[in-house]
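Inspection log for the structure reproduced underneath, given as C-alpha cells.
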Amino acid sequence: MPAAALLPPALWRDITCEWLWVYHGMAPRVLEWSQEITVPAGVFFVESGCVKIQAEGKETVVRPGQAFFSAPGRRKQWFAEATRMLSVGLRLHWAEGLPIYKAGLNLRLPMRELKALHEATQALFSSVHGRKKEVGYAEGTTERHRTLAEWTRHEAGFRQWAAEYVTVLEKQGICPTPRTGMGDRRLEHLRLWLQERPLDQTLDLKPIADELSLSPRRVHDLLQQELGMTAQVYLDRRRLEQARLRLIQGDTALKEIAFGLGFRHPPHFTAWFRRHTGMTPTAYRDGQGLQGA
C-alpha cells in the first residue's frame, strides 16, 4: 500500500466538504434501469436484494454483504425488489472544483473487509437521525434547520466518518486526483463565480473574463480543459441538483421552481427536466426522488 500523501496546511484548508446524505432503508424504484444520472462520491452497503450499476463502460452487480464505492460522475442504476441499503453521499473537492477522489472508484468490496467503515457508517446514521431505524433517500437528503451545537455535532460526525472512508481508499491504493497546475488560482475564482451565480440569470462570461484578464473564449477553453465541461454544462448541473432538491423537499409550485431556475415558461422546464432525468418534474416529485444509492 503506498504511503498517504502529506498535504501542506495551505492545501488542505482549501478542501471543500459537502455532506449530502446518510440513509438506511429500502431502495426506491425497483426492477427498472434509471436514466443516466449524475451522482456524487459515496458508498452504499447492500443488506438485502441486489443493485446493478452501469458506469465507465462496465456493469457491476452488488449483492448482500458487499459495498460499492461510487465515483462522482454519470451512471445508470437498477434495484431488485426488497433491496435494503445503508448509504452515504458526499462531495470532496479541491478548491478549484475537481473531485479529490475519482480514478479507481466505482469499486465493489466485501463488507467483511470494511468492518470499521461499516460501524462508522452506522454510528453516523445514529448521530444524524437519532433513534430512527430507517430513513429513506428523500428524508435523508432533506436539509433542516439546526442549532449551532447540533450543526457542530453533525459536522463532526461526518468528518469522523470521512476519516474511515479515506483510510479504506488509501488501503485500496486509490490516490487523490492531482490538482490543476494553475498557480494563480484563476480557475478557483472562476468556479466560485459559477457556483455563486444566480440560476435565474442568463449566462454571460464577459464580466468574469474581464475580471480575470481573459477572453470569454479562453474562459470557455479553461473550463473545458480543467473541469471537462463548459460553463453552461456546469450551471445546468447546478440547476438539475437544485430542481431535484426543491421537488422533493417541499410543495413549491412547479411554476415557481421553473422561474427560480431561469425558465420563463414551465413547459420548457418540464422538457428540460425530462431530457436530463427521463421523467417529468411531477413524476419525480411523486416518486420522492427515486434515484438515491
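We did not get these values from a lab; they are worked out from the coordinates using the rules stated. A quick note: this is a predicted structure, and the numbers were derived from the prediction, not measured. Quick reminder, even Gly has a Cβ in these numbers, built from the backbone with ideal geometry, and neighbours come from all protein chains shown.
Treating the beta-carbon of each Lys and Arg as +1 and of each Asp and Glu as -1, no other charges, what is the dipole magnitude of the chain about its Cα centre, to the nearest 20 debye?
380
Skipping prolines and chain starts, which residues have an amide H placed within reach, meaning under 5 Å, of the one on Ile174, given they are 5 or more residues away or on another chain?
none
If I model a spin label as a point 7 Å beyond the Cα along the Cα-Cβ vector, how far apart are those points for Asp251 and Arg74 in nm?
Placing both labels 7 Å beyond Cα along the Cβ direction yields 3.7 nm.
I'd like the Karplus ³J(HN,Hα) series for segment 76-86: coefficients 6.51, -1.76, 1.60, θ = phi - 60°, whole numbers in Hz, and an x wherever there's a Gly or Pro.
With the stated coefficients, segment 76-86 comes to 10, 9, 9, 10, 6, 4, 6, 7, 10, 9, 10 Hz.
Under the rule of -39500 (n - 2.57) per DSSP H run of 4 or more residues, summed and divided by the residues of the chain, what mean residue ellipticity at 222 nm is obtained, to the nearest 500 deg cm²/dmol?
So the helix-based figure for the chain works out to -12000 deg cm²/dmol.
Check each of the trypsin sites (Lys or Arg not before Pro) in segment 199-267 and keep only those in coil by DSSP with at most 13 other C-beta atoms within 10 angstrom; list them in order.
Loop-located and lightly packed - Arg264.
Name the most mobile residue of Val135, Val233, Val46, meaning the one with the largest mean-square fluctuation, in a Gaussian network model of the chain with Cα contacts below 10 Å.
Comparing Val135, Val233, Val46 in the GNM, the peak value goes to Val233.
Convex hull over the alpha-carbon atoms of segment 186-286: what's its volume per residue in Å³?
Residue-normalised Cα hull volume stands at 98 Å³.
I want to verify the translational diffusion coefficient of segment 9-171 in µm²/s; compute it with Stokes-Einstein, Rh as the Kirkwood radius over Cα pairs, at 10 °C and 1.306 mPa s.
Numbers: Rh = 16.3 Å.
It comes out at roughly 97 µm²/s.
Just to be sure I follow: if Rg is taken over the C-alpha atoms of the chain and Rh is the Kirkwood radius over the same atoms, what is Rg/Rh?
Ratio of gyration radius to Kirkwood radius for the chain: 0.96.
Among residues other than Thr152 whose Cβ falls under 13 Å from its Cβ, what is the net charge (Lys/Arg +1, Asp/Glu -1)?
Details: positive: Arg146, Arg153, Arg159; negative: Glu150, Glu155.
Charge balance in the 13 Å sphere: +1.
Within the set of other residues whose C-beta is less than 13 Å from the C-beta of Cys50, count the net charge using Lys and Arg as +1 and Asp and Glu as -1. Write down the numbers at each step before the final one.
Details: positive: Lys52, Arg63, Arg84, Arg108; negative: Glu47, Glu59, Glu81.
Net local charge, Cys50 excluded: +1.
What whole number of Å gives the distance from the Cα centroid of segment 112-190 to the Cα centroid of segment 212-273?
Here the two parts' Cα centres lie 25 Å apart.
With Cβ to Cβ distances under 12 Å as the rule, what net charge do the other residues near Arg108 carry (K, R +1; D, E -1)?
With Lys, Arg at +1 and Asp, Glu at -1, the neighbours total +1.
Give the lysines whose C-alpha is closer than 30 Å to that of Lys58, dropping any in the same chain fewer than 8 places away, or say none.
Excluding near neighbours in sequence, the set is Lys76, Lys102, Lys115, Lys171.
Using 7 Å Cα-to-Cβ label points, what is the Arg29/Thr280 separation (nm, one decimal)?
About 1.5 nm, to one decimal.
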